[in-house]
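Notes for the one structure printed next.
The values are calculated or read from the model by the stated rules, or taken from the named source; none is laboratory data. The model shown is predicted, which means the values in this text are computed figures rather than measured ones. When we count neighbours, we look across all protein chains shown, and the Cβ atoms used for this are built from the backbone with ideal geometry, even at glycine. Side chains included, ligands, DNA and RNA excluded: accessible areas come from the protein's heavy atoms. Shrake-Rupley method; radii C 1.70, N 1.55, O 1.52, S 1.80 Å.
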Amino acid sequence: MRKKIVAGNWKMNLTLAQGEQLINDILQTGLKLKEGQEVVVATPFPYLLKAKALLKNNPGFYLASQNVASEKSGAYTGEVSAEMLKSVGVDYVIIGHSERREYFQESNAALAKKIDQTLANGLKPIFCCGEPLEIRKAETQNDYVAKQLEESLYHLTVEQLKDVVIAYEPIWAIGTGLTASAAQAQDMHAFIRSQIAAKYGREAALHMSILYGGSAKPSNAEELFSCPDVDGGLIGGASLVAADFTAIIQKLA
Ligand code: PGA
């Protein structure tokens with residue numbers, strides 16, 4: 001009923017030649033996606049056009065950018081607008097990754113504007129949320145994530161929300177080798193879905209794909225993806241190795 005998605009976030013890694021090789025290696029495994037399954041590749045900006053050309057005749061494979069400007073157009077040196085992304089064939093946009101929030105001071109309010117630009121240009125946001133370690137230790141992660149959802153998403157209409165994918169990424173698990181246990185992931189995903197249901201109704205909540213991110217790898221993906229509210233993963237480190245990334249895709253339930 002809802003889409004199952006594995007998205008690879010390359011972050012600031014790989015040259016163009018290495019990226020091309022990686023996409024070709026992934027495609028050459030002959031991976032067959034089942035109905036309702038999608039693979040998303042989020043490359044650095046300069047590789048988007050090339051990546052689109054490689055992915056385009058492969059049903060179920062989609063292209064993402066890792067960021068987008070919060071403004072429509074104009075004098076914003078170094079920024080890339082949603083309209084530009086659309087014009088080069090981007091499908092999804094990762095918004096609010098914890099590295100953007102932490103190193104580039106992206107606030108929930110600024111992310112709300114990025115969501116609006118993304119949707120206004122017919123692109124689909126992958127909205128990242130998740131708590132740092134001290135919040136998890138204080139057991140206040142639910143309040144923390146609820147606020148992220150409220151301040152960046154709850155101005156949307158139920159119709160707009162249909163194009164939004166959420167990625168829960170506990171910051172303490174990103175790139176650390178520490179993974180949330182399947183039970184921790186399921187608890188938070190169920191909580192997020194319940195929040196969406198309270199705000200937008202059960203139907204909208206059941207339709208929403210919620211991905212897990214944070215040191216997902218071939219050895220733990222099956223257990224994570226078997227959780228009823230985990231609809232796939234946002235994969236960092238393991239998305240840079242074709243064999244690992246495709247092994248994770250094959251764990252989609
Ligand atoms: P990781 O990154 O898989 O390397 O932990 C996940 C992410 O940041 O999206």
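A few notes on this one:
- In the condition set (1) over 24 Å from Gly122 (Cα atoms); (2) within 11 Å of the ligand (Cβ to nearest atom), Ala167 is compliant with all but (1).
- Ala180 vs. criteria closer than 23 Å to Gly96 by Cβ, crowded, with 20+ Cβ neighbours inside 10 Å, within 18 Å of the chain's Cα centre (by Cα) and modelled with pLDDT under 95: yes
- Some residue of the range 202-210 being within 16 Å of the ligand (Cβ to nearest atom) and either buried (at least 22 other Cβ atoms within 10 Å of the Cβ) or among the acidic types (Asp, Glu) (or both): yes
- Filter pass, Gly30 being modelled with pLDDT of 95 or more and among the small types (Gly, Ala, Ser): no
- Extreme residue, nearest to Thr157 (Cα to Cα), among residues of the range 217-243 that are open to solvent by 10 Å² or more (accessible area, probe 1.4 Å) and near the ligand (Cβ under 10 Å from one of its atoms): Gly236
- Counting the residues of the range 41-59 that are open to solvent by less than 20 Å² (accessible area, probe 1.4 Å) and farther than 15 Å from Ser87 by Cα gives 4.
Conditions tested, residue by residue: (1) farther than 18 Å from Ala112 by Cβ; (2) over 19 Å from the mean Cα position of the chain (by Cα).
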{"position": "Asn24", "(1), (2)": "yes, yes"}
{"position": "Thr29", "(1), (2)": "yes, yes"}
{"position": "Lys32", "(1), (2)": "yes, yes"}
{"position": "Pro46", "(1), (2)": "yes, yes"}
{"position": "Glu71", "(1), (2)": "no, yes"}
{"position": "Glu79", "(1), (2)": "no, yes"}
{"position": "Lys86", "(1), (2)": "yes, no"}
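- Every condition in (1) open to solvent by 40 Å² or more (accessible area, probe 1.4 Å); (2) closer than 13 Å to Ile126 by Cα; (3) more than 16 Å from the ligand (Cβ to nearest atom) is met by Gln66 except one, and the failing one is (3).
- Yes/no for Thr118 being away from the ligand (no atom under 16 Å from the Cβ), in contact with a helix residue (DSSP H, G or I) (Cβ under 8 Å, 6 or more places away or on another chain) and either more than 18 Å from Glu38 (Cβ to Cβ) or outside any loop (DSSP other than H, G, I, E, B) (or both): yes
- Every condition in (1) modelled with pLDDT under 95; (2) more than 16 Å from the ligand (Cβ to nearest atom) holds for Met84 except the one numbered (1).
- Of all residues in the range 192-203, those satisfying the criterion of being more than 18 Å from the chain's Cα centre (by Cα) and either at positive phi or in contact (Cβ under 8 Å) with a residue 12 or more places away in the chain (or both) are Gln195, Lys199, Tyr200, Gly201.
- Evaluation of Ile166 against (1) part of a loop (DSSP other than H, G, I, E, B); (2) at pLDDT 95 or above; (3) crowded, with 21+ Cβ neighbours inside 10 Å (one fails), failing number: (1)
- Residues (open to solvent by less than 30 Å² (accessible area, probe 1.4 Å) and acidic (Asp, Glu)) located in the range 74-112: Glu106
- Among the residues making up the range 121-139, those that are away from the ligand (no atom under 16 Å from the Cβ) and closer than 19 Å to Gln186 by Cβ are Ile135, Glu139.
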